[in-house]
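Values quoted throughout were computed directly from the atomic coordinates according to the rules given, and no laboratory measurement underlies them. Predicted model, so just to flag it, every value in this text is computed and none were measured. Counting neighbours? That spans all protein chains shown, and the Cβs are built from the backbone with ideal geometry, glycine included.
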């Protein structure tokens with residue numbers, strides 16, 4: 001399918017691995033030029049080079065710590081110096097679902113603040129930086145990767161709080177007529193549990209393969225975790241011309257795991 005975004009310029013935050021990297025690949029496959037940012041410079045540069053070689057599109061890899069506002073400004077400045085504009089933003093960077101402890105009152109306030117900063121504040125800062133660029137050419141897509149715990153209860157409260165804030169941000173911006181009538185749409189994608197190498201789920205699987213399979217069969221409707229590519233394909237669609245009337249949606253990509261409608 002031709003997504004109608006060939007030649008456009010996209011930024012995927014947290015784009016060096018997992019859902020972010022697969023999203024960058026999906027957009028590049030559709031013909032987008034792609035910038036990715038992540039903390040580890042060698043990893044993000046290697047990821048950008050791999051996408052460039054595989055899909056023959058322009059790529060930029062930028063080392064960014066999204067907890068530092070100046071790094072976000074540097075990221076946008078680097079893109080503008082190279083491309084002069086941006087059409088698509090995927091707010092993928094985030095995390096913190098396993099931070100803190102089970103005992104909520106014993107968890108330091110800094111955990112709440114750090115999780116909010118890494119997720120919601122980063123999404124706010126990137127989004128506010130790119131909206132003026134999108135308005136200049138009357139077209140734009142902003143997709144924020146949240147979580148099923150941005151749509152319903154469950155998980156640790158600091159993570160729910162941050163992800164619900166991201167979902168609210170996209171929905172609220174999607175109702176701003178002056179932005180929407182300038183051709184920009186705002187949506188969120190809410191993954192369920194996804195199997196990503198070198199993360200918590202991969203570690204759990206390595207501890208006891210038999211117990212892990214039994215848990216998958218009992219706890220998950222499809223009997224498995226999702227793959228990052230399955231989330232990335234939905235994100236790429238929301239960035240496409242075909243999704244031009246999808247605005248303010250919070251799309252669950254969870255294999256039926258969540259309980260929200």
* Calculated [θ] (222 nm, deg cm²/dmol) that DSSP helices of n ≥ 4 give over the chain, each run adding -39,500 (n - 2.57) -> -13500 deg cm²/dmol
* Can you figure out the FRET efficiency of residue 1 with residue 212, using R₀ = 35 Å and their beta-carbon distance, to the nearest 0.05? => 0.50
* **Order of 212, 3 under a 10 Å beta carbon neighbour criterion, fewest first** => 212, 3
* Asked: Roughly what angle does helix 41-55 make with the longest principal axis of the chain, taking Cα atoms, 0 to 90 degrees, to the nearest 10?
  -> 70
* To do: Take every DSSP beta bridge whose two residues both sit in the chain, then give the antiparallel share in percent to the nearest 5.
  => 0
* Asked: Once the principal axes of the Cα atoms of the chain are found, what is the range along each, listed largest first in whole angstroms?
  -> 51, 37, 35
* Asked: Hey, in the GNM for the chain with a 10 angstrom Cα cutoff, which one of 243, 35, 202 fluctuates hardest?
  -> 202
* Asked: Angle between the Cα long axis of helix 157-173 and the longest principal axis of the chain, 0 to 90 degrees, nearest 10?
  -> 30
* **Exposure proxy order (Cβ contacts within 10 Å, fewest to most) of 39, 224, 156** => 224, 39, 156
* For segment 1-36 and segment 86-101, what is the separation of their Cα centres, given in Å? -> 16
* Asked: When a footprinting reagent is the concern and you count Cβ atoms within 10 Å, what order do 107, 167 take, fewest first?
  -> 107, 167
